[in-house]
């Protein structure tokens, strides 16, 4: 049985390879017989027998349009007889800089008949080729133009083409150029209930893939911008269930992609989801404190006046780890902030408790020699008073 499965997979790969080679051949060959007509009266009549149909198919397969295409749309007169080949020809046009530019010009002029024929050709393409068009440097602008200039029914056609297969829209939104198309649809389709339903149903298939991807994160941010919080519940649930995976997946150039996404979602989320996110942050307080970007979420929670009780739970999670955290680059910032907050408000541990935990730690003699712990000790000395300050100075002298 395994042998037959391998054989079937090999046949499928061979079929896809042959089809891709056929499409690539369209763009490489030079025109040996153009069916362009300089005058509408000179257009060849439709074929009347099988032999002439085959000649038209062959001509269409070898044709490469010229730069005057925006003034001559008669090439679509034989569209009905070679629909599949026209779909493949559209693939070559969409991925060619000059030809795609001409298509954009025609669409900008508002030729509805031309638009409908392009949509029909787009429907005839396989999903893999549609995905290549949306991820192409030129093709993505063509698909975005179809979304912009189309009416409600035409836009629905584009949306259905991009959502024919499971996870198709997710894969498109996770690419650098495909995300432009998805963002444009989120902006324009928000006012159409049917379009919005199809769009959200496709995005709900795997929001985690978008959340951990640099390009996908920009799609989620557009969802938060253009959609109400009621339609974004699947995003909030994904953040709550996969917070650590999203935060620690540093996909952006500056490494803050996941944290920025969590911050933005936290600002627009309802109170119920905010509480769930805060609980999740406190549950993973120790791991987030040591994380290069996750510690910013801990600092945000400590600086928030709305979540005092959550800050107390967070500090209790860090108890008995302050000396170790003080000697690390990122977590030392959290210890420094805990010292400042404990001197002014009740965060579950007083300043005296935190400083004395540092003094009693076996690691304290090494702290004055550690570049990160030095700033923590300086803050402790600046905030301490009386007997606590004397004990701290004595411990520093004894350690040296």
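The values are calculated or read from the model by the stated rules, or taken from the named source; none is laboratory data. Please read these numbers as outputs of a predicted model, since none were measured by experiment. Glycine gets a Cβ as well: all are built from the backbone with ideal geometry, and neighbour counts include every protein chain shown.
Scan segment 365-397 for residues that are farther than 14 Å from residue 335 by Cα and either touching a strand residue (DSSP E or B) at 6+ places or on another chain (Cβ under 9 Å) or in contact (Cβ under 8 Å) with a residue 24 or more places away in the chain (or both) and the total you get is 10.
Okay, residues lined up against (1) closer than 21 Å to residue 296 by Cα; (2) at pLDDT below 90:
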{"residue": "330", "(1), (2)": "yes, no"}
{"residue": "349", "(1), (2)": "yes, yes"}
{"residue": "363", "(1), (2)": "no, no"}
{"residue": "382", "(1), (2)": "no, no"}
{"residue": "389", "(1), (2)": "no, no"}
{"residue": "396", "(1), (2)": "no, yes"}
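Just one residue in the set 129, 156 is at negative phi, in contact (Cβ under 8 Å) with a residue 12 or more places away in the chain and crowded, with 18+ Cβ neighbours inside 10 Å; that residue is 129. Of all the residues in segment 89-105, those that are surrounded by fewer than 17 Cβ atoms within 10 Å (Cβ to Cβ) and farther than 19 Å from residue 178 by Cα number 2. Restricting 197, 157 to those that are assigned to a helix (DSSP H, G or I), assigned by TED's automatic domain parsing to the domain that holds residue 105 and over 26 Å from residue 91 (Cβ atoms) reduces the list to 197. The number of residues in segment 200-214 that are assigned to a helix (DSSP H, G or I), buried (at least 19 other Cβ atoms within 10 Å of the Cβ) and under 13 Å from the mean Cα position of the chain (by Cα) comes to 4.
Any residue at all in segment 338-352 that's over 40 Å from the mean Cα position of the chain (by Cα) and either outside the structural domain of residue 297 (by TED's automatic domain parsing) or assigned to a helix (DSSP H, G or I) (or both)? The answer is yes, given that some residue of segment 338-352 is over 40 Å from the mean Cα position of the chain (by Cα) and either outside the structural domain of residue 297 (by TED's automatic domain parsing) or assigned to a helix (DSSP H, G or I) (or both). Scanning segment 109-140 for residues that are in a loop (DSSP other than H, G, I, E, B) and either more than 15 Å from residue 169 (Cβ to Cβ) or at pLDDT below 90 (or both) gives 109, 110, 111, 125, 126, 136, 137, 138.
Scan segment 362-384 for residues that are part of a loop (DSSP other than H, G, I, E, B), surrounded by fewer than 18 Cβ atoms within 10 Å (Cβ to Cβ) and over 40 Å from the mean Cα position of the chain (by Cα) and report the count.
2
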